[in-house]
Every structure is written in C-alpha cells, then in structure tokens.
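Every number in this text was worked out from the coordinates using simple rules, so none of it is lab data. Note that this is a predicted model, so its numbers are computed, not measured. Every residue, glycine as well, gets a Cβ built from its backbone with ideal geometry; the counts of neighbours run over all protein chains shown.
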Amino acid sequence: MSCDPGPPPAWANLQGLIVRGYTHPHSTHLLFRFPGRAAAAAFVKALLPRLQSGADWGATKPASMLNVGLTFAGVQTATTLGNDLKRFPMVFQKGPASKLSQDALFDLGDSAPANWWAKNFAQSALHCIVHAYAMDGDAEKEIVAFVASAAERAGVTELFGTADNSRFTQSQLPHDQVQFGFRDGISNPAPAWPVPGKPFDAGTLDNFVLGYPACTPFSPGPAGDNPTARFARDGCYNAFRVLAQDVTGFEAFLDEAAKPVVAKLGKTTAEAREWIAAKVMGRWRNGSPLVLSPDAPDDATRDEKVFDYGDDTAGLRCPISSHARVSNPRDQPVFPADFPVPRLIRRGMPYGPAGLEPGADRGLIGLFLCGALDRQFEMIYGWMNKNTFSDVFRPGFNTQDAVVGARDVRGVERTFVVPTAAGEIKCALPQFLTTRGTAYCLLPSIASLEAIAEQRV
C-alpha cells in the first residue's frame, strides 16, 4: 500500500505537542469549564501569545509554553457549529466514560468513570485542558499563574480533579524513568510526512493529523468540505489519561514472582526480580528490549527502536503478553490481517514522588495522540485488556497486558506466562494501575483556536 497524501501541513499551524516531545522537566495540566462562547473566546485569546506551535523554536528552547485541548462539550460551547458537529466521530462525541469506549478501556472497580476526577465534577463539565510546560520550577509557577489569571479574567471556571483539589503537576524523575523504575519514551513515531511511492507507515504524521485521509485508515473524520471538517483540519485527538501506579504492589509482585524463577532457573533472588520485571515490561529497566538482549540489560541496546517479534512466536525472548509487545506488536501478525498495526504518539510524564513511601499518590499523566480514538488508542487499549488480537496465540490463550490490563475483565486469565527452555513460569497478576480520570480532547490547529478567539466559528 502506497499513496500520495499531498503536501504536508504547515507546522506553524499545528500545536507543538503533535510534532515533538518537549522534554521540559516540569508540566502542569489545568482543567476548565466554559460558561459560554464569549468566555471561551476571551480565555483562548489570552492564551494565544504563549501557545507553542510545531514551528522550529531555534537554538533556544522556550522557558515555558502551553498547548490547548477541547473536549466535544468544549467545542460545542466555544463555537456556533451546532448540529454540524455531529460529523465528528461518535467516539469523540460520546467521550471515554461511555459504554462505547468502556468496551475497550474496561475501567472497572476503583477505576470506574463514576470515580474519576475524585468525584469533584461531572465528566460533561470538562471543556478544556491547558497543558503548561516549563524548564524549571519558577517558570512553571509563572506559566500556571498566567493561565489561572487568564481564566479568572474571562470568567472561566477551573476544575480540580484530585482529592485535595490540587492541579495535575508533573516532574521528570531521574534518568527518564517512570514510577516502576523503567526508562520511558524510547520508541515514538517520528513526525515525518509520508514520501510518495513508499510503503504505508503507520507512524507517519498523516496518521495523526486530521484532514489528510487519503493514505491512512486511522483518520475517519470529520471528513469532506464542511464547517466541522474545516475546523478540525490540522488538529489531532488526545486521549488524556491520569493513571495511579501501585509501586509498592509492583515491587511486592516481583518478590513473589521471583520465587519460582529462583527454583527453576537457579538465579539469585535479585537476578530473578529483575528478570521478571523485564519479562513483564518487555524491556530491561535501562531500556534494552528483550528480543535483542534476552539475558541481561546492555548499554548497546538501551535506546534501540528497530527490532521485531516475528521470529519469537513462542515468546521465549519476550513474552507475548509483555507490555511493550502488546502495545506495539511490530511485525507480529494481527487480526484482521489486512489492517495495519496502529501507533500512538505518547507524551506525558510521571507524577508524584519517586520511591516506595507508603500512601503517596504517584503515577503517570499520559497524553496519547492519534488521528482516530477508536482505531488507534482504543484498539490498542482493547488489546491490552484482552490480548487475543494476534494469530500467534495458541487456541484458548486469553490473557492480558502484564502491566496495564484491568484484572476484573471477565473471561480473561490473570496469570502471566513466561516460556523458558526449562518449562513455563507462571505468575499471578495483581492490579497495578487505577484510572483517576480520562478525557478525549481535540488539539485544534492554531488557525482554529484563533477563530475561536475572534468568534469567527
């Protein structure tokens, strides 16, 4: 499959989040509700001078900057597009708390949508998320104060989605780690535009930016020449997800799961814990992928992105249900066979203190960018909850992503199977993550945000 999607979008019209990972070590994500169109316009207009586009910022990285996402309810409130907005995909209209999306996300128990945002506000009240980034703590305080002041002047209500009514604030942990101790952000699609005549690549930018549907199955709409499609063009969907991580529970799991490894493979307890941790994640904690470094972490492979699973169908090097393998199956056959493996652009950082202090709230604030919420984000999430999507599985094999899976999903094994030459090692999987909140947002183009600010849409 190859085609020509035409000329690329102007990067200065794209929000910067779409085309680059900022690597600013501090960020705060502020939630808002618009009382009406005029207030939304005033708020967006005030933010525009600090809005970061995809244009090259040169040799000096901005000390602080922001991007803006709107939920479907936010777009409804901020524009006069009215019934024409029904051209948006139903998954965006309904939102992540709907049954339509929960059939893939499986937010159950403590993760249920009824418990999101610390029960401080209804899902329908969330209209806007402002993502503020900074190089240091002082710059972060300044940009957050700027956004809060703009909201107050515009009469826009800030919402707080935590039990202590604080904002969602992130700081990068040492060595680019997430809370479970693994390096993150190693493998992400590059923001390249497809080259005419080359084979289809699910990681090129046309799979994420709306309005270029000719070459990708991942961008279902809004399509055509109509007000909503013109508004959405050069935008991108963002699945914003706050996930609490049970770090002490993860370490306790490694303690228990190491025991059969010691008995069967003769490893020390310390070696067995790290071996299981790597098998669960699909990479060693330093980033080395198991298919390239199956026996130990290796500095030579710690940043490696180019590898496949096609010759490891039994999972002897990398278990089939490891997180890295389920979330990006690469060349592994998937169902349906004629549908390409989707990719996501992942942004975000860990929140909360590092370490094992009991009772501390820590986890990940994830931004998952896509051109189709259902055929990219939700499809992958569905695989993580029921990873029967691939024909490499033996009949009856029905387990979950070893890290992300919701353990309350019915009919799914809660056992992690690690094949070895000495026989299978099986580990009972506890729940490691709890969803604190999810929002489906559109990251509109700069031109569309300007149109909102000037009340031209």
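Some observations on this one:
- Using the Cβ-Cβ distance between M90 and D56 with R0 = 41 Å, the FRET efficiency computed as 1/(1 + (r/R0)^6) comes to roughly 0.65.
- The alpha-carbon atoms of region 220-259, seen along their principal axes, cover 61, 16, 11 angstrom, with the largest extent given first.
- Once the Cα-Cα distance is subtracted from the 0.36 nm per residue extended length, the N120 to A223 segment shows a gain of 33.5 nm.
- According to the Kirkwood relation over distinct C-alpha pairs, the hydrodynamic radius of region 305-444 is 16.7 Å.
- A simple rule links phi to the HN-Hα coupling: the Karplus curve 6.51 cos²θ - 1.76 cosθ + 1.60 with θ = phi - 60°, which for region 290-299 gives 5, 5, 9, 10, x, 9, 6, x, 9, 4 Hz, with x for Gly and Pro.
- Per-selection Rg to Rh, region 252-305 - Cα, Kirkwood hydrodynamic radius: 1.00
- FRET efficiency, R456 to D361 (Cβ-Cβ, R0 35 Å, nearest 0.05): 0.25
- In units of the rule-of-thumb radius 2.2 N^0.38 Å, region 31-83 shows an alpha carbon radius of gyration of 1.39.
- Farthest towards the positive end of the charge dipole of the chain, among the residues V144, G437, V178, is the Cα of G437, using unit charges on the Cβ of Lys, Arg, Asp and Glu.
- Förster radius 25 Å - calculated FRET efficiency between L316 and D255, Cβ distance, rounded to 0.05: 0.55
- Label-point separation in nm, L292 to T268, each point 7 Å along Cα→Cβ: 2.7 nm
- For region 256-349, the mean projected area of the C-alpha convex hull, equal to one quarter of the hull surface, is 7.4 nm².
- Inter-site label distance for A428 and F200 at 7 Å from Cα along Cβ, in nm: 4.4 nm
- q = 0.15, 0.21 Å⁻¹, region 79-225: log10 I(q)/I(0) [Debye, one scatterer per Cα]: -1.32, -1.29
- Close amide H pairs (under 5 Å, H built 1.01 Å from N) link Y309 with D331, Q332, residues at least 5 positions away or on another chain.
- Degrees between helix 247-265 axis and first principal axis of the chain (Cα, 0 to 90, nearest 10): 30 degrees
- Pairwise Cα distances in the chain exceed 34 Å for 32 percent of all pairs.
- In this structure, the amide hydrogen of S53, modeled 1.01 Å from its nitrogen in the peptide plane, lies closer than 5 angstrom to those of G16, counting only residues at least 5 positions away or on a different chain.
- Spherically averaged projected area of region 360-438 from its Cα convex hull (nm²): 7.3 nm²
- Values of log10 I(q)/I(0) for region 187-257 across q = 0.17 Å⁻¹ run -0.72, by the Debye formula with one identical scatterer at each alpha carbon and no solvent.
- The base-10 log of I(q)/I(0) for region 208-298, evaluated at q = 0.12, 0.14, 0.22, 0.26 Å⁻¹, reads -0.61, -0.67, -1.02, -1.22 [Debye formula, identical scatterers on Cα atoms, solvent excluded].
- Secondary-structure-derived ellipticity at 222 nm for the chain, considering helices only, amounts to -7000 deg cm²/dmol, per-run term -39500 (n - 2.57) for DSSP H runs with n ≥ 4.
- Histogram of C-alpha separations across region 317-378, 10 Å bin width, %: 18, 35, 30, 14, 3
- A simple spin-label model places the labels of T388 and E152 5.5 nm from each other, with each point 7 Å out along Cα-to-Cβ.
- Length gained on full extension, E413 to R37: 130.5 nm, using 0.36 nm per residue less the C-alpha separation.
- The three principal axes of the Cα atoms in region 1-153 give end-to-end lengths of 47, 47, 34 Å, sorted in falling order.
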